[in-house]
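Remarks on the structure that follows.
Values quoted throughout were computed directly from the atomic coordinates according to the rules given, and no laboratory measurement underlies them. What you see is a predicted model; the values in this text were computed from it and never measured. FYI the Cβ positions are ideal-geometry reconstructions off the backbone, even for glycines, and counts take in every protein chain you see.
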Amino acid sequence: MSRILVVDDFVDNLLFIKALFESEEYTVDTATSGFAAIDLVEELRPDVVLLDIFLSDMIGYTVVERIRQNPKLTETRIVLSTASSVLDESEAMASGADVFLRKPFDSDHLLVIVKKLCARNNDRQKIT
């Protein structure tokens, strides 16, 4: 079973995404801050992190960079998201994210993306 960490400081977003993925039988953990997210990624080693760019304690790009600095977390896939129309995909990808999504996103599209990212991780684990 795949594990997902959802990071957003807006609780309604957390609850919606948690319910969406739990209905698809994913294990879902949540965090409302960047520092908590970094700790949980190191502890739980989720397959995918769904990460809002604007958090109350740090910007999502910093969270991505810290995750990418840990050699034990190289398989962790990161989806950065924002409701801001000012930010663009190139900055998100330059930070080390695997996917950039603009909110509001389509639930079905999000499910497809996460399923593909989890499958990619599972394929790598079988090979090694």
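A few comments on the model shown:
- Of all residues in the range 84-103, those that are aliphatic (A, V, I, L, M) and within 15 Å of the chain's Cα centre (by Cα) total 5.
- Every pair of residues 6+ apart whose Cβ atoms lie under 8 Å, when the first sits in the range 30-55 and is at positive phi while the second is of a type in the set (S, T, N, Q): Arg45/Thr76
- Looking across the range 1-16, just one residue is out of contact with any helix residue (DSSP H, G or I) (no Cβ under 8 Å at 6 or more places or on another chain) and β-branched (Val, Ile, Thr), and that is Val11.
- Residues of the range 26-43 satisfying the condition of being of a type outside the set (Val, Ile, Thr) and in contact with a strand residue (DSSP E or B) (Cβ under 6 Å, 6 or more places away or on another chain): Tyr26, Asp29, Ala31, Ala37, Leu40
- Within the range 1-40, the residues that satisfy the criterion of being of a type in the set (A, V, I, L, M), under 12 Å from the mean Cα position of the chain (by Cα) and either closer than 16 Å to Val99 by Cβ or exposed (fewer than 14 other Cβ atoms within 10 Å of the Cβ) (or both) are Ile4, Leu5, Val6, Val7, Ile17.
- Residue in the range 1-14 that is farthest from Val64 (Cα to Cα), counting only those that are in a strand (DSSP E or B) and among the aliphatic types (A, V, I, L, M): Ile4
- Taking the range 62-80 as the range and being under 18 Å from Thr32 (Cα atoms), touching a strand residue (DSSP E or B) at 6+ places or on another chain (Cβ under 8 Å) and either in contact (Cβ under 8 Å) with a residue 40 or more places away in the chain or among the hydroxyl-bearing types (Ser, Thr, Tyr) (or both) as the test, only Val63 passes.
- Within the range 41-58, the set of residues being loosely packed, with under 15 Cβ neighbours inside 10 Å and closer than 29 Å to Val86 by Cα comprises Ser56, Asp57.
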